[in-house]
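The values are calculated or read from the model by the stated rules, or taken from the named source; none is laboratory data. Just so you know, these numbers come straight off a predicted model, no measurement behind them. Virtual Cβ from ideal backbone geometry, glycine too; neighbours counted across all protein chains shown. Quick note on the areas: whole protein, heavy atoms, side chains included, nothing else; ligands and nucleic acids left out. Shrake-Rupley method; radii C 1.70, N 1.55, O 1.52, S 1.80 Å.
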Amino acid sequence: MSCPGAAQRGASVSRSDVGGTDRTFPRASRLRARKLFLGVYERGHRVHSSFFVLFGLKGTTPRSRLGITATKKFGHAVARNRIKRVVREIFRKNRDTTASPVDLVVNVKMGAHEQPYDRLEADLISRLRELRRRLGA
């Protein structure tokens, strides 16, 4: 439930308070099962960047879906979860750039958690464009 005027006070704002923009990341936008990850790894295309390795496959659902991996080598749980939140936010903000859906798995490389958000966003978006070009999506 949201409170009228919450946006002016800097409080949490629901989807309806922001003119209907979708600020959520629903389950339908996530790759959650190991089987789905393996399918993208086996049949998809791979693109490397400075901070990520992206695997993509043309989507089978009406919306693009995202899966993220960050191994324990990456760091402690706080660092792994933070970088996954950053990647989800970048994907959420840019998921509607093309009409054709893509199943995407992002493997986070070492050192990504030390980079500023803007640099990670630019890196991920440029590689995502390259991946979509290769997929013909």
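Taking the Cβ of V102 as the center, what net charge do the other residues with Cβ under 10 Å away carry, scoring Lys and Arg +1 and Asp and Glu -1? My count for the surroundings of V102 gives +4. Of all DSSP beta bridges located in the range 21-137, what percent are antiparallel, nearest 5? Antiparallel bridges make up about 65 percent of those DSSP assigns within the range 21-137. Model label sites at S50 and L38, defined 7 Å from Cα along the beta-carbon direction, differ in position by 3.6 nm.
Considering only protein heavy atoms and a probe of 1.4 Å, how much of the accessible area of the range 80-130 is carbon and sulfur, as a whole percent? Display every interim value, and only then the final one.
On the way: 1200 of 2700 Å².
Carbon plus sulfur share of accessible area: 45 percent.
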